[in-house]
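Since the structure comes first, as structure tokens, the remarks are kept for the end.
Coordinate-derived values only; no laboratory data. No experiment lies behind these values; they were computed from the predicted model shown. Positions of Cβ are generated from backbone atoms using ideal geometry, with glycine treated the same way; all protein chains shown enter the neighbour counts.
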Amino acid sequence: MESNFKYKLSVIIVNYNVEYFVDQCINSVKSSISNHPIEVIVIDNASIDGSVDLLKEKYSEFKLKFNQDNLGFSKANNQGIDIAQGEYVLLLNPDTVVEESSFEKVINFMDEHPDAGGLGVRMIDGKGQFLHESKRGLPTPMVAFYKIFGLSRIFPKSKRFGQYHLGHLSEFETNKIDVLSGAFMLMRKEALDKVGHLDEDFFMYGEDIDLSYRIQKGGYNNYYFSETSIIHYKGESTKKSSVNYVFVFYRAMIIFAKKHFSGKNAGLFSLLINLAIYLRATVAISGRFIKRITLPVIDLTYIVCGLFALTNYWKISNIEFPEELIKYSIPIYAITWVAIVFFNGGYDYPTKLFKYLKGTVIATAVILMAYAVLPKSLQFSRLFIFFGAAWVLVFYIISRIFLHFGFGGKFRLKNNDKKSFVIIGNESEIVRTKELLVQTQDKLGDIISFQTIEDFKRADITVDEIIFCSGSQSYEKIISTMSNEKENTYDFKISPDDSNHLIGSNSIDTAGELYILNLNTLVSNENKRRKRLFDLLISTGLLIGLPFTILLFKNKSKYAKNVGNIFIGKKSFIGFSNELTMKDVRLPKIKQGPITPDDPFQHADSTVRQKLNLLYARDYSMRKDFSILWKTWRKLDN
């Protein structure tokens, strides 16, 4: 029987400000185009990074559509479906990589299973870990209840409690499922014509669940297909670890419930979802806080006990301390030592003993300066402060050595935190990738190269990161290696052919990473604390003097609002504009502010201003923030 379709498969990719990822995605799609006639449709949702130029210059042979506004995932995909001329339609996320044989395999399966209305595949993240949303059950109220309240996590393989991710089904077996993932959603065009396209009431999340459900109601089956795998970096366009994501995603579930469930069930579902939003937010915030303060609180307890024990030496020597004074002074001293060690990066990982030494010395100097200005009646012993500092330092050294040998892991002491790499590719790719690593890595360790993945496996060596050059290594081998090595601690990157960047993702919870320039100085834990401390100190001073400082500004309400937002942490004095961050993906994401790093140089051209922002990210210091603020303080009412 002759087909009425011009193509066997239409691949639709909706892009929004993920230039480097969509480039790699389309490159993998090109390698997967089989003997079947396949069309590729790319819809850009008003990106303001370099996506538009990239698509026009590099992929003009495909069907390209450039929207003037961000229409959302559903509406943009529907634009693609409307012009698609394939027997099958694949909705593919831009932050994915497909194997060379993926399209051939899924087309053959759909041809052999006429009951199949939709199909999803096995997905892994950038660490090689299986993504459980590759196969999902329908989120009925009870299924949602099991997930929201943690029963699905406690009993992941239970057919009852683990139904959301169908944990009782093997990731390596093909099975019928309820819900497909929007990251790779292959559908029969005739099924779409029958049940309708994506519901545009869903802006970004939930539309895949809704359409999967309608496909089933239309008399078709959905399948999880295990015989091909893709990488889904999970997050570059969605930032799924944010509280805002939780809110938007679960609200999408409410739209789904009201549309498909009875009034009573929809009401129950909505109640559960709203409980989930606040429960998840509370647990997440509380968990992060408790996790962060546990070790400092333990340290503080030991240090206070040690300082009180030290007073016995003075008592034996018949040196009397005022009891009331000791009761308050010792906790204050201890808090000062721990707090300054904390702000100096002592509680960052990996553990570095030098930071404890530096923090203790600075804290001791602060205590001595404060002690010097106290009235004589409140001064009881400088020698005690020096002995106390020695105890603090000894405690930190002994306790960190104990944690190193007793627990290891993140507590492991590292004298050399240089990162070692393996590059797998041909000679020209290896040279190009090495040059990129030299440009992007501060502490570069060993770089070992191999021509093939098989050579690397035979070598049996341990490194921190593996970089695959896609010009000479198939995506199928890359994905297979990542899956097989997932138990190791390797990080993975892919070096696209003829590119000046590396792409990867270090975990399911983090956005895909780019190695372009070494601009991570600004967002290191230590510098984030310093930047926040700078904002807090200056904004506190400005708030105290608000009745006077506000007179210096024309837009007084805006100035007061800016200072208030900086004080509570919603903004920073100096930050990149949202538009600039979108345009230049190299810039790290920080809080926006009324002043940008290039403001002191208003008359510089755009190229110079761009470099100033990059230099700020690379060479950040509190002194630089103060210098910029001093020169541009009048912009605080912007």
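Some points to look at:
- Net charge dipole, the range 345-469: roughly 920 debye, given to the nearest 20, about the Cα centre with Cβ charges of +1 for Lys and Arg and -1 for Asp and Glu.
- Residue 72 sits among other residues whose Cβ lies under 12 Å from its own Cβ, and their net charge, with Lys and Arg +1 and Asp and Glu -1, is -4.
- In terms of surrounding Cβ atoms within a 10 Å radius of their Cβ, 101, 449 rank from fewest to most as 101, 449.
- Rg/Rg_globular for the range 290-411, with Rg_globular taken as 2.2 N^0.38 Å and Rg from C-alpha atoms: 1.11
- Its Cα centre serving as origin, the chain has a Cβ charge dipole (Lys and Arg +1, Asp and Glu -1) of approximately 3220 debye.
- Helix 102-112 and the long axis of the chain differ in direction by around 40°, with both axes built from C-alpha atoms.
- When you filter the chymotrypsin sites (Phe, Trp or Tyr not before Pro) in the range 395-477 for DSSP loop state and at most 14 other Cβ atoms inside 10 Å of their Cβ, you are left with 407.
- Residues 535, 619, 625, 199 in ascending order of nearby Cβ atoms (within 10 Å, fewest first): 619, 199, 625, 535.
- Rounded Å value of the spacing that divides the Cα centres of the range 105-161 and the range 169-193: 9 Å
- Between the residues 494, 524, 286, the greatest Cα displacement towards the positive end of the dipole of the chain, with unit charges on the Cβ of Lys, Arg, Asp and Glu, is found for 286.
- Isotropic mean projected area of the C-alpha convex hull, the chain (nm²): 35.3 nm²
- Degrees separating the helix 606-618 axis from the principal Cα axis of the chain, which is the longest one: 60 degrees
- Average Cα contact separation per residue, the chain, under 8 Å, 6 or more apart, as relative contact order %: 12 percent
- Unit charges on C-beta of K, R, D, E only; dipole of the range 525-637, Debye: 240 debye
- Under Karplus coefficients 6.51, -1.76 and 1.60, residue-wise ³J(HN,Hα) of the range 62-78 in Hz, glycine/proline x: 9, 7, 10, 9, 10, 6, 7, 9, 7, 7, x, 5, 5, 5, 5, 5, 5
- Net charge over other residues, Cβ less than 12 angstrom from the Cβ of residue 406 (K, R count +1; D, E count -1): +2
- The range 350-384 and the range 391-467: distance between their alpha carbon centers, rounded to Å: 36 Å
- Restricted to Cα atoms, the range 419-515 shows a radius of gyration and a Dmax of 12.3, 34 angstrom.
- Cβ-based charge dipole, the chain, positive-most Cα from 466, 145, 73: 145
- Charge tally in the Cβ shell below 10 Å around residue 168, where Lys, Arg are +1 and Asp, Glu are -1, residue 168 excluded: +3
- Helix 382-406 axis, angle to the chain major axis (alpha carbon atoms, nearest 10°): 30 degrees
- Residue (of 192, 408, 360) at the positive-pole extreme of the chain, dipole from beta-carbon charges: 360
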